[in-house]
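Nothing in this text is a laboratory measurement; each read-out follows from the coordinates by a stated rule. Predicted, not measured: the structure shown is a model, and the values here were computed from it. Every residue, glycine as well, gets a Cβ built from its backbone with ideal geometry; the counts of neighbours run over all protein chains shown.
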Amino acid sequence: MQSNGLNKANIAIFISGKGSNLKNLIYHSKKQNTKYQISLIVSNNPKAEGLKYSKQFNIKKKIINYKKIKIVEKNLIKKLEKEKIKLICLAGFMKILSRNFIKKFKGKIINIHPSLLPKYKGLNTHAKVINNKEKYSGCTVHFVNHKLDAGKIILQKRIKVLKKDSPKTLAKRILLQEHTLYPKALKKVLINL
Ligand code: GRF
């Protein structure tokens, strides 16, 4: 039976690019007995490929312009409040949110990062992992605080780095794991919200 969404938590997903995690979370949200729905897609990039899921799944979208970030975040906060957003999921969102914004949604912003945090924060994680001949890598879902990729860890998945791995093949295998990890982490967070 389809739920009318009345008692489901509203989630906003922030993206900048492809949006495979977004698409995956949308699919999960439509499964029976899920306690959330994706109510808003936010992107700093008007050309983000993932924005197509707004039309495809009839989900509201908001494009934000980082050049006017102070005004934009003010409006964004209003929008998130209007849509009664309970949790913000960053999924390939390539901008840093302001301290003020993070404070406003303390404990209500989570992110997925393609490494075993606290190792390999920031960009180019897969190349660094391979260069350093790490045996394992993986992905992490964590709470967002004002330090980059440093908030409390919610869940992690570890995989073996193969001898033949390039940054591209490793990224691909980790992304597959992300698609299992993010819905699990989201469920875990929502139970405690
Ligand atoms: C993922 O690897 C995520 O961990 C990182 O950016 C990538 C986004 O991929 N933060 P997609 O846009 O969800 O396909």
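The charge dipole of the range 24-134, taken about its Cα centre with unit charges on the Cβ atoms of Lys, Arg (+1), Asp and Glu (-1) only, comes to about 480 debye. Rounded to the nearest whole Hz, the Karplus-based 3J(HN,Hα) values (6.51 cos²θ - 1.76 cosθ + 1.60, θ = phi - 60°) of the range 67-78 follow the sequence 6, 10, 4, 4, 5, 4, 5, 4, 5, 5, 4, 4, with x at glycine and proline. One chain, two ends: residue 106 and residue 47. Fully extended at 0.36 nm per residue, the span grows by 18.3 nm beyond their Cα-Cα distance.
Can you give me the Kirkwood hydrodynamic radius for the chain, using every pair of distinct Cα atoms, in Å to one decimal?
Evaluated on the chain, it is 17.1 Å.
Can you give the charge dipole size of the chain about its Cα centre, rounded to the nearest 20 debye, using +1 on the beta carbon of Lys and Arg and -1 on the beta carbon of Asp and Glu? If you can, show how the numbers build up before the last one.
Values: 45 positive and 8 negative charges, 34 e Å.
About 160 debye.
Extension gain, residue 72-residue 188: 0.36 nm per intervening residue step, less the Cα-Cα distance, totals 38.7 nm.
Proximity of backbone amide H atoms, modeled 1.01 Å from N, is registered between residue 90 and 14, 110, 111, 112 at under 5 Å, excluding neighbours fewer than 5 places apart on the same chain. Hey, what angle do you get for helix 20-29 against the long axis of the chain, alpha-carbon based, 0 to 90 degrees rounded to 10? Tilt of helix 20-29: around 50 degrees.
Given +1 on the Cβ of Lys and Arg, -1 on the Cβ of Asp and Glu, and no further charges, what dipole in debye does the range 99-184 carry about its Cα centre, rounded to the nearest 20?
Numbers: 21 positive and 4 negative charges, 27 e Å.
Computed about the Cα centre, the dipole is about 140 debye.
Close amide H partners of residue 18, meaning residues 5 or more places away or on another chain with modelled amide H under 5 Å apart, are 49, 50.
Once the Cα atoms are used to define both axes, helix 167-192 deviates from the longest principal axis of the chain by about 40 degrees. Round to a whole angstrom and tell me the spacing of the C-alpha centers of the range 44-73 and the range 120-175. Their Cα centres are 26 Å away from one another. In plain terms, the bigger the Kirkwood radius, the slower the diffusion; for the range 70-157, with that radius from Cα pairs, at 4 °C and 1.567 mPa s, Stokes-Einstein puts D at 92 µm²/s.
Of the trypsin sites (Lys or Arg not before Pro) found in the range 118-193, those that fall in a DSSP loop while having at most 12 other beta-carbon atoms within 10 Å are 133, 135, 147, 152, 163, 164. Rounded to the nearest whole Hz, the Karplus-based 3J(HN,Hα) values (6.51 cos²θ - 1.76 cosθ + 1.60, θ = phi - 60°) of the range 92-101 follow the sequence x, 8, 9, 10, 9, 6, 6, 4, 4, 5, with x at glycine and proline.
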